[in-house]
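Have a look at the structure below before the remarks.
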Amino acid sequence: MAALIETESVKRYYASSSWLQRLLLLRANEIQAVDGVTLRIDEGEIVGLVGESGCGKTTLGWLLAGLVQPTEGAVRYRGRSLASIDTETRKKIQLLFQYPRESLNPRHNVRTILSYPIRKMGYMAHTEITARLHSLLDMVGLPAHYADRYSFQLSGGELQRVALARTLALEPEFIVCDEPTSAVDMNVKVQILKLLSDISREKGISLLFISHDLSAVRFIADRICVMYLGKVVEQAPARQLFEHPHHPYTMALLDAIADLDPESTRKASLQGQPPSPLAPPAGCRFHPRCAYQEQVGSICRQRGPHLQPLSTDHHVRCFLYPENGQNIALVQ
Ligand code: SF4
């Protein structure tokens with residue numbers, strides 16, 4: 001099956017905004033936000049993208065949405081370069097933002113907010129626009145009279161539903177959801193996740209669900225991609241990743257969740273903060289925080305591992321799992 005959207009060895013570097021860093025580091029003044037990511041998302045698939053703040057997940061989402069251009073590598077939509085697709089096809093790729101209150105005009109009511117993208121889809125009579133508007137509100141679980149409300153009259157969950165309706169008005173095939181549940185409480189989070197999942201399944205819309213919240217990603221994603229300092233370190237089907245994580249970073253993230261569970265006997269093993277993407281560590285980028293690097297040896301500090309298949313759908317970037325299947329930690 002052909003990918004709906006994919007990246008191939010995509011990189012996005014930003015120049016540092018600090019004059020001091022530019023002065024001191026001379027050429028090494030680029031922030032490597034995304035550094036060689038190859039990822040595919042199939043039709044109707046929900047891919048979760050997780051990692052700590054600053055790992056590059058939002059930049060990767062922006063690359064897939066065409067909001068920023070790659071420094072190197074390619075982004076393709078239905079096999080065509082994203083940079084070359086026409087405006088009509090471009091509408092098929094949409095973004096759902098983290099803070100809907102900031103993305104909805106407070107001077108417009110919901111009717112005006114939703115009518116604008118509906119009209120962009122082509123000429124419609126007034127009655128057709130109203131019918132489409134009510135259908136969109138129904139799709140996101142809001143009654144028709146909400147069309148007359150303004151954003152200040154809506155709760156956080158209702159705002160996110162209106163933002164989703166506005167996104168759906170353009171009949172997208174792919175939505176980048178950037179932390180859409182981070183600003184709402186637990187009940188609303190579950191409702192939004194269920195709504196996104198149902199709409200994706202019903203309409204065959206693919207989602208990239210970006211979050212630092214592993215429980216949200218576990219709920220919604222078919223497949224999960226874990227990023228650390230600009231690189232994908234592990235990707236696998238959701239259940240497999242949660243039940244059999246292989247990369248030490250993924251294991252540490254999962255241990256951190258287990259640590260919040262008072263009945264869990266597992267200990268959180270993720271220490272410290274990620275290093276600056278302006279000066280990532282040599283070798284494996286995770287080595288300063290890795291509980292396994294002493295066991296594996298100096299190779300972790302000398303060169304970076306490649307992303308390698310453990311099976312057809314499970315890939316990991318770590319010297320614990322070299323290509324020939326031998327475990328370095330065991331053979332040294
Ligand atoms: Fe840890 Fe080495 Fe694997 Fe990196 S390559 S995650 S430092 S064991």
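The values are calculated or read from the model by the stated rules, or taken from the named source; none is laboratory data. Note that the structure is predicted; figures quoted are calculated from it, not measured. Cβ coordinates were reconstructed from backbone atoms using ideal geometry, including for glycine residues, and neighbour counts include every protein chain displayed. For the accessible areas, the whole protein counts, side chains as well, though only heavy atoms, and no ligand, DNA or RNA atoms are used. Shrake-Rupley method; radii C 1.70, N 1.55, O 1.52, S 1.80 Å.
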Q. Quick one: Ile192 ticks every box in (1) modelled with pLDDT under 95; (2) surrounded by 21 or more Cβ atoms within 10 Å (Cβ to Cβ); (3) under 28 Å from Phe319 (Cβ atoms) bar one, so which box is it?
A. (3)
Q: Return the total of residues in region 72-86 being under 19 Å from the mean Cα position of the chain (by Cα) and surrounded by fewer than 19 Cβ atoms within 10 Å (Cβ to Cβ).
A: 2
Q: Inspect region 132-141 for any residue being among the acidic types (Asp, Glu), touching a helix residue (DSSP H, G or I) at 6+ places or on another chain (Cβ under 8 Å) and under 18 Å from Lys203 (Cβ atoms) and give the result as yes or no.
A: yes
Q: Would you be able to tell me the number of residues in region 252-274 that are at pLDDT 85 or above and either open to solvent by 30 Å² or more (accessible area, probe 1.4 Å) or part of a loop (DSSP other than H, G, I, E, B) (or both)?
A: 0
Q: Could you tell me whether any residue of region 84-92 is at pLDDT 95 or above and of a type in the set (A, V, I, L, M, F, W, C)?
A: no
Q: Would you point out the residue of region 9-35, among those that are in contact with a Leu (Cβ under 9 Å, 6 or more places away or on another chain) and in a strand (DSSP E or B), that is modelled with the lowest pLDDT?
A: Glu30
Q | Enumeration of residues in region 198-227 that are open to solvent by 10 Å² or more (accessible area, probe 1.4 Å) and aromatic (Phe, Trp, Tyr) | A | Phe219
Q. What single numbered condition from (1) buried (at least 23 other Cβ atoms within 10 Å of the Cβ); (2) in contact with a helix residue (DSSP H, G or I) (Cβ under 6 Å, 6 or more places away or on another chain); (3) at pLDDT 95 or above fails to hold for Tyr249?
A. (2)
Q. Does Val176 satisfy the criteria of being buried (at least 18 other Cβ atoms within 10 Å of the Cβ) and part of a loop (DSSP other than H, G, I, E, B)?
A. no
**Q.** Set Thr89, Thr59, Thr112: member being out of contact with any His (no Cβ under 7 Å at 6 or more places or on another chain) and open to solvent by 60 Å² or more (accessible area, probe 1.4 Å)
**A.** Thr112
Q: Among the numbered conditions (1) modelled with pLDDT under 95; (2) among the aliphatic types (A, V, I, L, M); (3) under 18 Å from Val233 (Cα atoms), tell me where Val316 comes up short.
A: (1)
Q. Within the set of pairs 6 or more residues apart or between chains, which connect a residue that is near the ligand (Cβ under 8 Å from one of its atoms) inside region 289-300 to a residue that is assigned to a loop (DSSP other than H, G, I, E, B) and open to solvent by 60 Å² or more (accessible area, probe 1.4 Å) with Cβ atoms less than 8 Å apart?
A. Val296/Gln332
